[in-house]
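Peer 1: One structure is given below, represented as structure tokens, and several questions about it will come after.
The values are calculated or read from the model by the stated rules, or taken from the named source; none is laboratory data. Keep in mind it's a predicted model, so treat the numbers as computed, not measured. Note that each Cβ is placed from the backbone with ideal geometry, even for glycine, and that neighbours are counted across all protein chains shown. What goes into the accessible areas is simple: the full protein's heavy atoms, side chains included, and nothing from ligands, DNA or RNA. Shrake-Rupley method; radii C 1.70, N 1.55, O 1.52, S 1.80 Å.
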Amino acid sequence: MSKALTSAIRASCRKPTLLPAFPRRTVTTKPAYEGHIPLNVFENAFLAVGSAVMSLADPRRGDMIAALGETTAGPALPRLRDLMLESAEGRQILKDRPRVNTHTVDMTALARLPEGTFGHAYVTWLERCGVTPDTREPVHYIADPELAYVMQRYRECHDFYHCITHLPVSVSSELALKFFEFANLGLPVAAISAAFGPLRLSWPQRRRLVTEYVPWALRCGASCRSLITVYWEKRWEQDVGEMKRELGLWDAPEAKWPKPLKEAKAAAERRAAAAPVV
């Protein structure tokens, strides 16, 4: 992920200048986990600025958005980790370190769950939006392995937040969810996205974002339980309405979906019927 950009940043940091010499880097160059790319404070700052510029120039660059999230996380990740440690459910997540992708989650089994359960709702949401959980970037730039997992967990649970708040995948919906995530989790990347993302919207879309989605996002995100502490994979069979009441959530304002609900449900049913029951 963005190794070329990282190499360029390091090369620029090492070019001789007329400024007084800084102390030699003290950050370890030995990776702390598979895929880790150690950075010193100057490299981290360069990557943060570079990834922010690239993300604004091309919002489809998921690798740059991921790098921005990691290099700007600061004290937010230790705070989220501490929140997880305060609850039994959160502690179990940190112990198990579950991952969310099509190799770890049996989508066919979820499709066979009764309608109204969270697992069935999640598969239906994936079908309705035409997305897969396999597109999340791995964490590279966070030095502490446990905090790196917290960031990975946030990243891989993003679609659960969409599903449980009844938001599709669109620019307006993503921005609404970023406001929600900032109120709920306090990650700087959510605030950055929320601040600059509306520039991509038309005036009517921006007005609806400000008058409808943002008030919902700030109220709901600030008042509900911190979603980083929810062990979603243990709740596949839970009723969605019951889960929302437990977590203090309510639906976002109605949005335009890329596929009708009836069509998505039919696709989920076909998925359940196609695979043999083991």
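Peer 1: Divide, for segment 41-274, the radius of gyration over alpha carbons by 2.2 N^0.38 Å, where N is the residue count. Don't jump to the answer; show the numbers that get you there.
Peer 2: Details: Rg = 17.4 Å, N = 234, 2.2 N^0.38 = 17.5 Å.
Normalised by 2.2 N^0.38 Å, the Cα Rg of segment 41-274 equals 1.00.
Peer 1: Next up: Could you order Val214, Val41, Val150 so the one with the most accessible surface comes first? Probe is 1.4 Å.
Peer 2: On the way: Val214 25, Val41 105, Val150 0 Å².
From most exposed to least exposed: Val41, Val214, Val150.
Peer 1: Another question about this same structure. Which FRET efficiency, nearest 0.05, do Ala273 and Asp239 yield, Cβ-Cβ r, R0 25 Å? Display every interim value, and only then the final one.
Peer 2: On the way: r = 23 Å, r/R0 = 0.93.
That pair, Ala273 with Asp239, gives E of 0.60.
Peer 1: Next question, about the same structure. Anything over 27 Å Cα to Cα? Flag those among Lys178/Lys256; Lys95/Lys244; Lys30/Lys95; Lys178/Lys234; Lys234/Lys256, in the order listed.
Peer 2: Lys234/Lys256
Peer 1: If you take the Cα atoms of segment 117-191, find Rg, then find the Kirkwood Rh from the mean of 1/r over all pairs, what is Rg/Rh? Mind dumping the intermediate values first?
Peer 2: Numbers: Rg = 13.1 Å, Rh = 13.4 Å.
Checking Rg against Rh, the ratio lands at 0.98.
Peer 1: Now for a different question. So, for the chain, what is the accessible surface per residue at a probe of 1.4 Å, expressed in square angstrom? Intermediate values should be presented prior to the final figure.
Peer 2: Working: 14270 Å² over 278 residues.
I get 51 Å² per residue for this part.
Peer 1: At 1.4 Å probe size, with the rest of the protein present, what percent of the exposed accessible area of segment 41-274 is carbon and sulfur atoms?
Peer 2: Working: 6120 of 10590 Å².
Carbon and sulfur: 58 percent of the exposed surface of segment 41-274.
Peer 1: Using the Karplus curve 6.51 cos²θ - 1.76 cosθ + 1.60 with θ = phi - 60°, work out ³J(HN,Hα) for each residue of segment 163-173 in order, rounded to whole Hz, and write x for Gly and Pro.
Peer 2: The phi angles translate into 4, 6, 9, 6, 10, x, 9, 7, 4, 4, 5 Hz.
Peer 1: Would you rank Ile192, Ile164 by solvent-accessible area, highest first, keeping every protein chain in place and using a 1.4 Å probe? Write down the numbers at each step before the final one.
Peer 2: On the way: Ile192 55, Ile164 0 Å².
If we order Ile192, Ile164 from most to least accessible, we get Ile192, Ile164.
Peer 1: Can you show me the helix-derived [θ] at 222 nm for the chain, built from DSSP H runs with n ≥ 4 at -39,500 (n - 2.57) apiece and divided by the number of residues, rounded to the nearest 500. Numbers along the way, then the final one.
Peer 2: Working: 15 runs with 156 residues, N = 278.
Value at 222 nm, helices only, nearest 500: -16500 deg cm²/dmol.
Peer 1: How large is ³J(HN,Hα) for each residue in segment 191-198, as worked out from phi by the Karplus curve 6.51 cos²θ - 1.76 cosθ + 1.60 (θ = phi - 60°), to whole Hz, x for Gly and Pro?
Peer 2: Karplus values, whole Hz, x for Gly and Pro: 5, 4, 4, 5, 6, 9, x, x.
Peer 1: Further, regarding this structure: Taking θ = phi - 60°, what integer Hz values does the Karplus form 6.51 cos²θ - 1.76 cosθ + 1.60 yield along segment 103-119, in sequence order, with x for Gly and Pro?
Peer 2: 3J(HN,Hα) across segment 103-119, in whole Hz: 8, 9, 10, 7, 5, 5, 5, 5, 5, 7, 5, x, 4, x, 7, 5, x.
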